[in-house]
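The values are calculated or read from the model by the stated rules, or taken from the named source; none is laboratory data. Remember, predicted model here, so these are calculated numbers, not experimental data. We place every Cβ from the backbone using ideal geometry, glycine too, and count neighbours over all the protein chains shown. Note: areas computed on protein heavy atoms with side chains; ligands, DNA, RNA excluded. Shrake-Rupley method; radii C 1.70, N 1.55, O 1.52, S 1.80 Å.
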Amino acid sequence: PGVLEEQAAPACVMSFNVNDPSGAGGSAGDVSTIAAMGALALPVITSIVMRHTAEIFDHHAIDADVIVEQARSVLEDVTIAAWKVGFLGSTEGVSAVAEILSDYPDVPLIAYLPNLAWVEEDEQQAYLEAFRELVLPQTEVLVGSHQTLTDFLLPEWDAERPASSREIALAANKHGARHVPRTS
């Protein structure tokens, strides 16, 4: 009765994502979601998006070395329970984050693939290739809209019917991702 029990520290989740000044997504969304789950969010900013409430119209990627420095500084003295990856800003950002993730192979990764329609096509293709090769194989759970995941995982899809959630999950699994929740 007179002994105070020490409360367990909350799980720490490092999130790599954009700064979204509208608050609609990016790091602001990650921090809110992670906190709602009872964990401590450790947000690493990878890019700054320029947007209003309806759409994103530009972004400014953070230098890959700065992304690494943000993460490594915290990782020196904090134990991570999970990772969350959103938009990583650039192909170099994907590579830098993937290298950090690979140093902690036992920490589960939740990866969100946003619709990148606002990114220039050449840059978008290079980003998606890097994400497919470097991040997807380390992914425990892949999340995104049904259409975005179909375009990413099944680029040759031309059937009259939409790809099923199972077909998307099987394609993700071929690239190393272990789970894809039902998409909408």
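Relative to the first principal axis of the alpha-carbon coordinates of the chain, what is the inclination of helix 121-130, with its axis defined by its Cα atoms, in degrees from 0 to 90 and to the nearest 10?
Value to nearest ten degrees: 50.
Place a +1 charge on the Cβ of each Lys and Arg in the stretch 41-103 and a -1 charge on the Cβ of each Asp and Glu, then give the dipole magnitude about the Cα centre in debye, rounded to the nearest 20. Intermediate results must be reported in sequence, preceding the final value.
Details: 3 positive and 10 negative charges, 59 e Å.
Roughly 280 debye for the stretch 41-103.
Report, in debye and to the nearest 20, how large the dipole of the chain comes out about its Cα centre when Lys and Arg carry +1 and Asp and Glu carry -1 on their Cβ.
On the way: 9 positive and 27 negative charges, 155 e Å.
For the chain, the charge dipole is close to 740 debye.
So what's the angle, to the nearest 10 degrees on a 0 to 90 scale, between helix 26-36 and the longest Cα principal axis of the chain?
50 degrees
Can you give the accessible area per residue of the chain, in Å², using a 1.4 Å probe?
Numbers: 10440 Å² over 184 residues.
Each residue of the chain exposes 57 Å² on average to a 1.4 Å probe.
Specify the angular offset, from 0 to 90 degrees and rounded to the nearest 10, of the alpha carbon long axis of helix 165-174 from the longest principal axis of the alpha carbons in the chain.
Helix 165-174 sits roughly 80 degrees off the main axis of the chain.
Over the chain, with every protein chain in place, what whole percent of the accessible area is carbon and sulfur at 1.4 Å, could you tell me?
Details: 5530 of 10440 Å².
Carbon and sulfur together cover 53 percent of it.
Dipole of the stretch 134-184, Cα-centred, from +1 at each Lys and Arg C-beta and -1 at each Asp and Glu C-beta, to the nearest 20 debye? Before the final figure, lay out each step's value.
Numbers: 5 positive and 6 negative charges, 51 e Å.
Dipole size: approximately 240 debye.
Ignoring GluC sites (Glu not before Pro) that are buried or in helix or strand per DSSP, and keeping those with at most 12 other beta carbon atoms within 10 Å, what is the longest stretch of the chain between them?
Working: sites that count: GLU5, GLU6, GLU55, GLU76, GLU120, GLU156, GLU160.
For GluC sites (Glu not before Pro) (loop position, at most 12 other Cβ atoms within 10 Å), the longest site-free span of the chain is 7-54.
Calculated from the structure, P(r) over Cα pairs in 10 Å bins from 0, in percent equals which of (i) 9, 36, 36, 14, 4, 2, 0; (ii) 9, 30, 23, 13, 8, 6, 4, 3, 1, 1, 0, 0; (iii) 8, 25, 27, 22, 13, 5, 1?
(i)
With the dipole of the stretch 28-182 worked out from charges on the C-beta (+1 for Lys and Arg, -1 for Asp and Glu) around the Cα centre, which of ALA98, SER164, ILE48 lies farthest toward the positive end?
SER164
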